[in-house]
Amino acid sequence: MALRINDEIPNLTVETDHGSMNLHDWIGDSWAILFSHPKDFTPVCTTEFSAVAQLADEWERRGTKVMGISVDGVEDHKKWKGDIESYGGAKAGFPIIADDDLTVAKAFDMLPAEYALPDGRTPADSATVRVVFIIGPDKKLKLSMTYPMTVGRNFAEVLRALDALQTSAKENVATPANWTVGEDVIVPTSVSDDDAIAKYGSIETVLPYLRKAKLPA
């Protein structure tokens, strides 16, 4: 069964380059992002891990922890971080799960339960392990994105989606296409006009089922 939006993520104990960690304990009361990769020392993945490292202040500002996943071992992760930091010019302070037995990849439905890596494997053998998972403080999956190996992930979009998820959860609103912080939000259809005006001061009725409002500063 695939991991679906609002499913609780598996509570696994994982080995990382920062030691053994329990996923639910690691998340604690924070938001969290898990981002997976099919192999260490690969070009696209190196640029992506560097991008995550460069955004350390942005993750902290949003109360969000980040953790990588790769199907190689701890020692490879430690060596690879030298390349990541050299390329990106930023310390890669986040942990990386050593998922060499594919426990996480299978539990999060990135690979079939019966799958085993062949001898002499290449990144193509675990190509589906290229997913971003955004997880709420309730340990439930809020969003996932899967990318092919040839397309580097857009972490500006990951940040934008995280902002939208956090705003939606805090304010009980929805966000329109391409929304960024500070723009108008969508008033839920379950809220009456009078209640919406009382909360936001004013609303814009674009369509009978589409009303927009500005969040209080």
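Considering the conditions (1) assigned to a loop (DSSP other than H, G, I, E, B); (2) open to solvent by less than 30 Å² (accessible area, probe 1.4 Å), L215 is excluded by exactly one of them, (2). When T122 is tested against (1) surrounded by fewer than 13 Cβ atoms within 10 Å (Cβ to Cβ); (2) at pLDDT 90 or above; (3) of a type in the set (V, I, T), just one condition goes unmet, and that condition is (2).
Checking each residue in the range 1-45 for being of a type in the set (S, T, Y) and under 12 Å from G68 (Cα atoms) picks out T16, S36.
Number of residues in the range 169-188 that are closer than 22 Å to L207 by Cα and either under 16 Å from the mean Cα position of the chain (by Cα) or part of a loop (DSSP other than H, G, I, E, B) (or both) equals 13.
The lone criterion from (1) within 30 Å of T46 (Cα to Cα); (2) touching a Pro at 6+ places or on another chain (Cβ under 7 Å) left unmet by L162 is number (2). Note on the range 150-192: residues that are open to solvent by less than 30 Å² (accessible area, probe 1.4 Å) and among the β-branched types (V, I, T) total 5.
Checking each residue in the range 152-168 for being basic (K, R) and in a helix (DSSP H, G or I) picks out only R160. Applying the criterion of being of a type in the set (G, A, S) and under 17 Å from the mean Cα position of the chain (by Cα) to the residues of the range 3-51, the residue that is nearest to G73 (Cα to Cα) is S36.
With respect to the conditions (1) without any contact (Cβ under 8 Å) to a residue 60 or more places away in the chain; (2) under 25 Å from S36 (Cα atoms); (3) open to solvent by 70 Å² or more (accessible area, probe 1.4 Å), Y147 lacks only one, and its number is (3).
The values are calculated or read from the model by the stated rules, or taken from the named source; none is laboratory data. What you are looking at is a predicted structure, and each value in this text was computed from that prediction instead of being measured. In this analysis, Cβ positions are derived from the backbone assuming ideal geometry, glycine residues included, and neighbour counts consider all displayed protein chains. Keep in mind that these areas ignore ligands, DNA and RNA; they rest on the heavy atoms of the full protein, side chains included. Shrake-Rupley method; radii C 1.70, N 1.55, O 1.52, S 1.80 Å.
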